[in-house]
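The values are calculated or read from the model by the stated rules, or taken from the named source; none is laboratory data. These numbers come from a predicted model, not from an experiment. Glycine also receives a Cβ, built like all others from the backbone with ideal geometry; neighbour counts cover every protein chain displayed.
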Amino acid sequence: MKKICIYDSKRYDKEYFDKIVESYGFEVDYYETKLTPRTSVLARDHDAIVAFVNDDLSKATIDRLYDNGIRIIALRCAGYNNVDLDAAQGKIRVVRVPDYSPYAVAEHAIAMILTLNRKTHRAYIRTRDFNFSLNSFVGFDMKGKTVGVIGTGKIGRIFINICKGFGMKICAYDPYPIDEPDIEYLSLEELCKKSDIISLHCPLTKDTKHIINEKTISLMKKNAIIVNTSRGALIDSDALLDALLSEKIRGACLDVYEEETDFFYEDMSNEIPKDDTLARLIYMPNVIVTSHQAFLTHEALTNIAETTCNNLRDFFDGKELKNEVFSNNSSKNVK
Ligand code: NAD
């Protein structure tokens, strides 16, 4: 039996991992706490840890995990911006789940856009109160509008296909464009100027941090909607809030937030809000915030549990790790 500990685990994680772990010969301890240098001690006497998007995998944590005998970190997510890969190099191997369900994320982005556009979230509340007024619910037709997609990888491409179904025009920005006749690749600046909706589907790297900032926002149309289902720090949140307050853009759909680690996935409803920017964003009638839930479908949770267990089994069996991620300073690199 290999002993695994799963950090930042919720009821739904346990449900999907519990279905399969026994068949892999794994015994699992589920911890609700996030992984931090302090909580890394809980990994002692385990053979592996499983971590998620808001776990702290800084050098301090990695060093302590290593001292506690951990040689493999299995991320149960695609992004790995929270891992100090340089610190892990040569000590602890890191694997991830590269594509558990790009459909889940692309479809959530669409759900948020439709909600913000047609105000169904507010209509639901009104009609429950027998208020059938339509005031301030005027939306726009998606057909004919231009959507600018930043990052045309797995999720971006699925998002594009759905948008095509609405009859939207597509433009995109990606330093690694794909050969697709229906996508008009533009510079980032041109995309910002041209798009009615801008949707982020690129990873968080040093090049993409605050890719949406005061300057790029200043190029956008007055009716632009910004959609972020990727990583919070792609957007400079204070610049976004300024733009919303001064009505420079139409609205924002945010599944992720720059400083989400302290809030997302927790019930904070009895706490005094500690983050003014987040509180003001949530308060705006033209902003929708969801709690990093774009991945949350049955299919994605099934794939996450299976791929994570496969990654760990391959490590324990000494096999090649096809989902391994490497530091930029490593000779083995991934894009
Ligand atoms: P992917 O690797 O398939 O695609 C990413 C694309 O971004 C690639 O085409 C790449 O060339 C492009 N890119 C890289 N640098 C860029 C830059 N500077 N500007 C523009 N484009 C750039 O990844 P994916 O599976 O499509 O996932 C995209 C992101 O979605 C992930 O990095 C992750 O952060 C996020 N994500 C969020 C959730 C969620 O629940 N909200 C779930 C899964 C993934």
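General remarks:
- Selection from segment 22-48 of residues that are touching a residue at least 40 places away in the same chain (Cβ under 8 Å) and under 20 Å from residue 295 (Cβ atoms): 34
- Criterion (of a type in the set (Asp, Glu) and either in contact with a strand residue (DSSP E or B) (Cβ under 6 Å, 6 or more places away or on another chain) or within 20 Å of residue 279 (Cα to Cα) (or both)) met by exactly one of 236, 179, 207: 236
- Yes/no for residue 65 being crowded, with 16+ Cβ neighbours inside 10 Å, farther than 26 Å from residue 291 by Cβ and within 15 Å of the ligand (Cβ to nearest atom): no
- For first residues located in segment 316-335 and exposed (fewer than 11 other Cβ atoms within 10 Å of the Cβ), partners that are at pLDDT below 95 and not basic (Lys, Arg) and lie 6+ apart or on another chain with Cβ distances below 6 Å form the pairs 332/326; 333/326.
- In the set 158, 150, 162, only one residue is over 17 Å from residue 205 (Cα atoms), near the ligand (Cβ under 9 Å from one of its atoms) and surrounded by 13 or more Cβ atoms within 10 Å (Cβ to Cβ); that residue is 158.
- Some residue of segment 219-226 being within 14 Å of the ligand (Cβ to nearest atom), of a type outside the set (A, V, I, L, M, F, W, C) and in the same structural domain as residue 260 (by TED's automatic domain parsing): no
- Matching residues, segment 228-240, being surrounded by fewer than 19 Cβ atoms within 10 Å (Cβ to Cβ) and among the aliphatic types (A, V, I, L, M): 239
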